[in-house]
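Trainee: Shown below is the structure under consideration.
The values are calculated or read from the model by the stated rules, or taken from the named source; none is laboratory data. Just so we're clear, the structure is a prediction, and the values are computed from it rather than from any experiment. Virtual Cβ from ideal backbone geometry, glycine too; neighbours counted across all protein chains shown. Just the protein is used for accessible areas: all its heavy atoms, side chains included, with ligands, DNA and RNA removed. Shrake-Rupley method; radii C 1.70, N 1.55, O 1.52, S 1.80 Å.
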Amino acid sequence: MGLLDQQFKDENIVITSVEDLLNWARLSSLWQMGFGLACCAIEMMATSASHYDFDRFGVIPRPSPRQSDVIIISGTVTLKMATRIKRLYEQMPDPKYVISMESCSNCGGPYWEHGYHVLKGVDRVIPVDVYVPGCPPRPEALLEGLLKLQEKIRNESLVKKPA
Ligand code: SF4
């Protein structure tokens, strides 16, 4: 007999708000589009592999921005790539989120001063919800970033407040 079987062997009711229920569902199934651009992409891929197991948080990789809730920018954003990132972001359905994973996409990283071809932060073209620091950050840091994003979603309201 499993843990939940013991806990809910009698009939139970759960009282919550629709908003909390929706937020719980959304934060528990964040489909991701990983956008690996350089060295840090290896750490992002490791996060999805069996040892770190991103899937256990409901983070499932999708091949299309049109099916994705969150885009993870992982690597050096060149000026040429910046327009592609913006286009992919615009193709994602609302509500959508961005994790900037590492120093290059946060602020230009080692290229911040002399990298004439590098964007000094992906937030210059798309809004970033969570910044993960490091060069490169370990998979644990990306997991921490995801938990921060989940926390943010948990406190969001989808109800349009009267002006
Ligand atoms: S932050 Fe460091 S490890 Fe990551 S892409 Fe930039 S140079 Fe590579």
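Trainee: Would you mind computing, in nm to one decimal, how far apart the modelled labels at ARG124 and ARG66 are, each placed 7 Å from Cα along Cα→Cβ?
Mentor: Label-label distance for ARG124 and ARG66, simple model: 3.1 nm.
Trainee: Just by accessible area at a 1.4 angstrom probe, what is the order of THR76, THR47, THR83 from largest to smallest?
Mentor: Ranked list, largest accessible area first: THR83, THR76, THR47.
Trainee: Further, regarding this structure: How far apart, in nm, are two points set 7 Å out from the Cα along the Cα-to-Cβ line at VAL14 and at TRP31?
Mentor: 2.2
Trainee: Determine how large the accessible area of SER28 is when every protein chain is in place; take a 1.4 Å probe and give Å² rounded to the nearest 10.
Mentor: 50
Trainee: Kindly work out what percent of the DSSP beta bridges joining two residues of the chain are antiparallel, to the nearest 5.
Mentor: Beta bridges within the chain, antiparallel portion: roughly 5 percent.
Trainee: If you average the sequence gap of Cα pairs under 8 Å that are 6 or more apart and divide by the length of the stretch 39-163, what percent do you get for the contact order?
Mentor: So the answer I get is 26 percent.
Trainee: Any idea what the relative contact order of the stretch 89-163 is, in percent, if you count C-alpha pairs under 8 Å spaced at least 6 apart?
Mentor: Once divided by the residue count of the stretch 89-163, the mean separation gives 29 percent.
Trainee: Right, here's the next one. Using the Cα centre as the reference, give the magnitude of the dipole from point charges on the C-beta atoms of the chain (Lys, Arg: +1; Asp, Glu: -1; all else neutral), rounded to the nearest 20 debye.
Mentor: Dipole about the Cα centre, nearest 20: 760 debye.
Trainee: Same structure, new question: Going highest first, how would you order 33-46, 124-137 by mean Cβ packing within 10 Å?
Mentor: Result, highest mean first: 33-46, 124-137.
Trainee: Which one of VAL122, ALA46, LEU146 has its Cα pushed farthest toward the positive end of the charge dipole of the chain, where Lys and Arg give +1 and Asp and Glu give -1 at the Cβ?
Mentor: Positive-most Cα among the choices belongs to VAL122.
Trainee: How big is the shadow of the Cα convex hull of the stretch 72-163, averaged over all directions, in nm²?
Mentor: 7.0
Trainee: Let me ask something else. Placing unit charges on C-beta atoms (Lys and Arg positive, Asp and Glu negative, everything else neutral), compute the dipole magnitude of the stretch 58-110 about its Cα centre in debye, rounded to 20.
Mentor: 240
Trainee: Same structure again: Using the Kirkwood formula over every pair of different C-alpha atoms, what hydrodynamic radius in Å results for the chain?
Mentor: Evaluated over the chain, this radius sits at 17.1 Å.
Trainee: Also, I was wondering about something else. Compare the Cα positions of ALA82, PRO61, TRP24 along the charge dipole of the chain (+1 at Cβ of Lys, Arg; -1 at Cβ of Asp, Glu; about the Cα centre) and return the one farthest towards the positive end.
Mentor: Value: ALA82.
Trainee: Follow-up. Helix 79-91 versus the longest principal axis of the chain: what is the Cα-based angle in degrees, 0 to 90, to the nearest 10?
Mentor: So the inclination is approximately 30 degrees.
Trainee: Another question about this same structure. Top to bottom by accessible area (1.4 Å), largest first, where do TRP31, TRP112 land?
Mentor: TRP112, TRP31
Trainee: To make sure I understand the rule: partners must be lysines, Cα under 23 Å from the Cα of LYS152, and not fewer than 8 residues away in the same chain. Which ones qualify?
Mentor: LYS86, LYS96, LYS160, LYS161
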